[in-house]
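Here the structure is laid out as structure tokens; the discussion comes afterwards.
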Amino acid sequence: MAAKKKTPAKKKPALKKKPAAKTARKAVPAKKNSSKSAGKKPAGKKAAGKRPAGRTSKRPSASRKIAAKKVAAKRAPKENRGPKAGKVAEAPEALALARSIAQVAEEKKAEGVMIIDVRARSAAVGYDYVVLATGESDRQLSAIHEGVEDLLEPKGKKAAVVEASTDWVCVTYDEGVVAHFFTPDRRDQMDLEDLWKDAPRVSR
């Protein structure tokens, strides 16, 4: 038998692809801010309270203020500057009064007459000089006090406060002087010399 001839297989015609239909894009609704993103600000805007990079604060630093004060102090005229530290204010009227009281005490035969300069602490104690004198009795203390009054009365000066007892007379003057006239025992008891041991003594 004769071999059968193979016939080529018929190719199926290719199907033409239909062009895809253009579909209109649906508008996507904008997303609503969720609770988490509600407090966030859109990118591109500067967050409140944050300084942009590269800028410095406009406030002057503390060191600049101190430096400015030092410069101002140097430029200030001398008459406007405060008194030098450690300088004690002069009190000539008070010193003259203290010396007059001490002189009367010596004339009345008082012992241990002393003038103490307390001007360095006058702002705290309220006076500039302290006068101390010792009398043997209350009569001598009264004599010293009366002698001081007799000296000052013609000058128009009078004691502001007088505290008197049998062993101690304390007289305060507005000029900035306090005078103490003691008996020996009372003076030892008060020990004002030790209280003012660092204060200078005034020569008469």
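Taken together, the values in this text are just the output of simple stated rules run on the coordinates, not laboratory data. Bear in mind that the values here come from a model prediction, so they are computed numbers and not experimental data. Positions of Cβ are generated from backbone atoms using ideal geometry, with glycine treated the same way; all protein chains shown enter the neighbour counts.
Quick one: Cα centre-to-centre distance for the range 167-204 and the range 149-166, in angstrom?
16
Test of understanding: express the Cα radius of gyration of the range 92-195 as a ratio to 2.2 N^0.38 Å, with N the residue count. Spell out each step's value before the answer.
Values: Rg = 12.6 Å, N = 104, 2.2 N^0.38 = 12.8 Å.
Dividing the Cα radius of gyration by 2.2 N^0.38 Å gives 0.98.
To the nearest 0.05, how large is the calculated FRET efficiency for Glu90 and Lys158 if R₀ is 22 Å and r is the Cβ-Cβ distance?
Details: r = 24 Å, r/R0 = 1.07.
For Glu90 and Lys158, the calculated efficiency is 0.40.
For the range 150-204, count all C-alpha to C-alpha pairs, find those more than 14 Å apart, and express that count as a whole percent of the total.
Working: 978 of 1485 pairs.
In whole percent, the share of Cα-Cα pairs in the range 150-204 beyond 14 Å is 66.
Of all DSSP beta bridges located in the range 92-195, what percent are antiparallel, nearest 5?
Numbers: 15 of 21 bridges.
Bridges in the range 92-195 are about 70 percent antiparallel.
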